[in-house]
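Just below is one structure, and these are the notes that go with it.
The values are calculated or read from the model by the stated rules, or taken from the named source; none is laboratory data. Note that the structure is a prediction, hence the values are computed from the model and not measured. A quick note on method: Cβ atoms are made from the backbone with ideal geometry, for glycine too, and the neighbour counts reach across all protein chains shown. With ligands, DNA and RNA removed, areas are computed over all heavy atoms of the protein, side chains included. Shrake-Rupley method; radii C 1.70, N 1.55, O 1.52, S 1.80 Å.
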Amino acid sequence: MSATVTPIADAHARHAATESARPATDATTVPLAWFDGALVPGDAMQAGLTTHAMHYGSGVFEGVRAYATDDGAAVFRLPEHLERMRLGAEMFALPFNPAQAAEAVLATLRANRHRDAYIRPLAWFGEGSFGLDVEGHVPHMMVASTATHVHLNGTRARLGVSRWRRNPADSLPPLKLCGGYVNSILAKREAKARGFDEALFTDREGRVVECTGANVFMVRDGELTAVAHPDALDGITRDTLLQLTGAQARAVSLEELLQADEVFACGTAAEVAPVAQIEDRHYGDNPVTRELQALYGRVVRGREPAWRHWLTTV
Ligand code: PMP
């Protein structure tokens, strides 16, 4: 928020002219963002200093992806992402309309002419008093998109077992509530400070929960298992892989994970991300993970006809 940013009202007023004059997004143009019903230059917005979400985390977001398919750009499992966002918004009675949000996502992708893209819808409580009550705070919604952002950089991740516990589900529901991600930030910082790429959360009983922004699977003797834990986010990529493979989902201890042949993390941004190491346990070759990576890649790009219903054409 610099002093030179355009106030929200001005940006709305300028929107029509900006939109019609705009070339396709490239490295030199500022992408457009959808903000409260209009497409505006993404770097032109500012938020008031009393923004409730900035003080207390009262927002909900999604991480969604679009892929280039033979029929043009398509969004992968958009209704499922927006349904999870609706559940999060409901937690603090934040107005949220999935149909409007879907239109906003598609409008943003069309405006930026993105094909392979990472999409960030965010709804939040804005200006009002400094009190905790959300009543009286202005609700806002935005959608931004960028050319694909690759979580864990497509490399084999090295995980540190987090000294922090995951937010327990009876304190904070495992949804994409903004404030909940402070927990992920702390864990990620601590893991990186110890030389790892990412943190793995375990609970007090030694069961695996998830990573800071991805779910966990393991392979043992050719058998695929999804880690199940009540404190973990119900990931859409995890569900995708369960549906594609019919794998089992169950509680897994850290001990068992360390004995697995292969471990991978998965999420919308991470896709299927092989794990090279957990603390001082190094994993070897990962043929099952590679096969699943390839399958997932075909499904999200519309090359598996049986699963094309998961794609929403832009
Ligand atoms: N766990 C957490 C904490 C996450 O933030 C994410 C990313 N949304 C995931 C798991 C993976 O979820 P999804 O596959 O729906 O992206």
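Please build a GNM for the chain, connecting alpha carbons under 10 Å apart, and tell me which residue among 108, 202, 155 fluctuates the most. Among 108, 202, 155, the largest mean-square fluctuation in the Gaussian network model of the chain belongs to 155. Scalar couplings 3J(HN,Hα) for segment 230-241, obtained by applying the Karplus form with A = 6.51, B = -1.76, C = 1.60 to θ = phi - 60°, are x, 8, 8, 5, 7, x, 6, 5, 4, 4, 4, 5 Hz; x denotes Gly and Pro. 3J(HN,Hα) along segment 76-89, derived from phi through the Karplus expression 6.51 cos²θ - 1.76 cosθ + 1.60 where θ = phi - 60°, amounts to 8, 6, 4, x, 5, 4, 6, 5, 5, 5, 4, 4, x, 4 Hz, with x in place of Gly and Pro.
Accessible surface area normalised per residue over segment 221-266 is 40 Å², counting heavy atoms of protein chains with a 1.4 Å rolling probe.
Leaving ligands, DNA and RNA out of it, report the carbon-plus-sulfur percent of the accessible area of the chain at a 1.4 Å probe.
Numbers: 7710 of 14310 Å².
Carbon plus sulfur share of accessible area: 54 percent.
Antiparallel versus total DSSP beta bridges in the chain: what percent is that, nearest 5?
Details: 48 of 57 bridges.
The answer is about 85 percent antiparallel.
Taking every protein chain into account, the accessible area of segment 26-126 amounts to 39 square angstrom per residue (probe 1.4 Å). Coordinate range of the alpha-carbon atoms in segment 160-248 per principal axis, descending: 34, 28, 23 Å. Once you keep just the Cα pairs under 8 angstrom separated by 6 or more residues, what percentage relative contact order results for the chain? Computed value for the chain: 18 percent relative contact order.
Rolling a 1.4 Å sphere over the protein heavy atoms, what is the accessible area per residue of segment 134-220, to the nearest Å²? Provide the component values of the computation, followed by the final result.
Details: 4070 Å² over 87 residues.
Accessible area per residue: 47 Å².
Distant-in-sequence amide contacts of residue 42, defined by a placed amide H-H separation under 5 Å and a gap of 5 or more residues or a different chain, comprise 32, 33.
The share of Cα pairs per 10 Å bin across the chain, counted from zero up to the longest distance, runs 6, 25, 32, 25, 10, 2, 0 percent. Using θ = phi - 60° in the Karplus curve 6.51 cos²θ - 1.76 cosθ + 1.60, the 3J(HN,Hα) couplings for segment 259-265 round to 8, 5, 7, 9, 9, 9, 9 Hz; x is entered for Gly and Pro.
Would you mind giving the three semi-axes, in whole Å and largest first, of the ellipsoid equivalent to segment 160-314 according to its Cα gyration tensor? Can you show the working numbers first?
On the way: eigenvalues 123, 74, 41 Å².
After diagonalising the Cα gyration tensor, the semi-axes are 25, 19, 14 Å.
Overall, segment 127-253 carries a charge dipole of about 620 debye about its Cα centre when +1 sits on the Cβ of Lys and Arg and -1 on the Cβ of Asp and Glu, all other atoms neutral.
Sorting check: for 71-83, 274-286, which peptide has the highest mean count of neighbouring beta carbons within 10 Å, and how do the rest follow? All intermediate terms of the calculation are to be shown ahead of the outcome.
Numbers: 71-83: 19.2, 274-286: 15.9.
Output ranking for 71-83, 274-286: 71-83, 274-286.
Put one equal scatterer on each alpha carbon of segment 263-304, apply the Debye formula with no solvent term, and list log10 I(q)/I(0) at q = 0.16 1/Å to two decimals. With one equal scatterer per Cα and no solvent, log10 I(q)/I(0) is -0.44. Length available on full extension from residue 251 to residue 182: 0.36 nm per residue minus the Cα-Cα distance, which gives 22.4 nm. By DSSP, the beta bridges lying fully in segment 222-314 are antiparallel in about 65 percent of cases.
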